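The next block holds one structure in the form of structure tokens; read it before the comments.
The values are calculated or read from the model by the stated rules, or taken from the named source; none is laboratory data. Owing to the predicted nature of the structure, the values given are computational and were not obtained by experimental measurement. Cβ placement follows ideal geometry from the backbone for every residue including glycine, while neighbour counts extend to all protein chains displayed.
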Amino acid sequence: MSITSKRVVLGGLAVASAVALLAGCASAPKSGTTTAKSSYLPCVIGDTGGFTDHSFNQLALDGVVKAANKIGSSYKKLQAKSANDYASGITSLIGEKCNIIAAPGFNFIASVKAAATANPKTNFAMIDDNSINLPNVKDIVFETDEAAFLGGYAAASYSKSGVVATWGGAEYPSVTIYMDGIADGIKYYNQQKGKNVKLLGWDVATQKGTFIGNFTDQNQAKTVTQNFLDQKADVVIPVAGSLYQGAAAAITGSNSSAVLEGVDADLYNTDPTYKSLFLLSILKKVDQASTDVVEAAASSKTFDNTTYVGTLKNGGVGISDFHDYASKVDPGLAGELATIKAGIIDGSIKVESPATFNK
């Protein structure tokens, strides 16, 4: 497959002015150090979900830290507390002489584009978008629909009630691409097995579904999940950063036997508090991509802005182990998933999403 032309940025994203970081907004940049062997300074700005989300933001930070350790440099991180901090936070990091700034997620697109245009000597790693066509911006995107197809198939196989539910944080392509893959994986399971497992929370045909509207409202996440539990869903797949915690609260609070599937990170490992609920996690290896991009930029005289696309084939996306559920799933499931994965890679099983980054 070949990479398409740059995606058009979502309408309504305003470019915030490049002003100095104000008191009471984002935290000041914090430094981490290693044995100093390199003066190259990688940096990362976190979205409002926080670097302790056990998911997307944490993975971006982990990748930058690992790269800093590998090249023997220090690093800086900055946490945005609100949308008002996106542009000013990036400006602050530029002022810290960062060589490359990793920005995770759609919320940063406008601010990265403005900052990269105004500061051509600073490089950027724009995670989850490929709409910025600038020589100093490296786009990092993932075909998570491929991995989510496997997650959807596994959810359908495990479900005892025949009802699976998914919902998103905000209605971004990086969220709906997961939901498309989940829906298609369930559909494929039904076709192969002659079953009728239903999916709540997302309709592929209409591209309509259930969204919280943000990645921070745990109470709403709990309420939405409870609604799906009431409709007999016994596998719930939140595509919403740390909001899986609200989903977990709904399950444990109602004494439900439902399980969760995580996204982005292997949440069984990153948040052991809820590990007993995770059937598996659908992996977007943001940490691996961030490490590779920063390390390559530090070792090269010329910045390579070619888009990085994580796929099943190159290991940029995937699914975790079943962990505690290994003995509870169908004995043939692992083999079926391996066969499906091979089919997706060789193209015999088609996985398509309107939100795909790689066509």
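Within segment 45-70, the set of residues being of a type in the set (Ser, Thr, Tyr) and either surrounded by fewer than 20 Cβ atoms within 10 Å (Cβ to Cβ) or within 12 Å of the chain's Cα centre (by Cα) (or both) comprises THR52, SER55. Could you check segment 259-294 and list, in sequence order, the residues that are closer than 19 Å to TYR153 by Cβ and of a type in the set (Lys, Arg)? Residue satisfying the conditions is LYS284 alone. Test ILE101 against the stated conditions and say whether it is assigned to a helix (DSSP H, G or I) and among the hydrophobic types (A, V, I, L, M, F, W, C). When the stated conditions are applied, ILE101 does not pass them. Taking the criterion of being within 19 Å of LYS70 (Cβ to Cβ) and either of a type in the set (S, T, N, Q) or in a helix (DSSP H, G or I) (or both), the residues of segment 291-339 that qualify are THR291, ASP292, VAL293, VAL294, GLU295, ALA296, ALA297, ALA298, SER299, SER300.
The lone criterion from (1) without any contact (Cβ under 8 Å) to a residue 40 or more places away in the chain; (2) under 26 Å from GLY253 (Cα atoms); (3) touching a Leu at 6+ places or on another chain (Cβ under 8 Å); (4) not basic (Lys, Arg) left unmet by ALA233 is number (1).
Let's see how each residue does on (1) among the small types (Gly, Ala, Ser); (2) assigned to a helix (DSSP H, G or I):
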| site | (1), (2) |
| --- | --- |
| VAL112 | no, yes |
| PHE124 | no, no |
| ALA147 | yes, yes |
| SER157 | yes, yes |
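Looking only at residues of segment 222-271 that are of a type in the set (D, E, K, R) and in a strand (DSSP E or B), we find that the one that is nearest to GLY209 (Cα to Cα) is GLU261. Can you find even one residue in segment 267-275 that is surrounded by fewer than 18 Cβ atoms within 10 Å (Cβ to Cβ), touching a Phe, Trp or Tyr at 6+ places or on another chain (Cβ under 6 Å) and free of Cβ contacts under 8 Å to residues at least 60 places away in the same chain? Looking through segment 267-275, at least one residue is surrounded by fewer than 18 Cβ atoms within 10 Å (Cβ to Cβ), touching a Phe, Trp or Tyr at 6+ places or on another chain (Cβ under 6 Å) and free of Cβ contacts under 8 Å to residues at least 60 places away in the same chain.
When ALA183, ALA155, ALA165, ALA170 are checked against the criterion of being out of contact with any Ser or Thr (no Cβ under 9 Å at 6 or more places or on another chain) and either assigned by TED's automatic domain parsing to the domain that holds TYR244 or modelled with pLDDT under 95 (or both), a single residue qualifies: ALA170.
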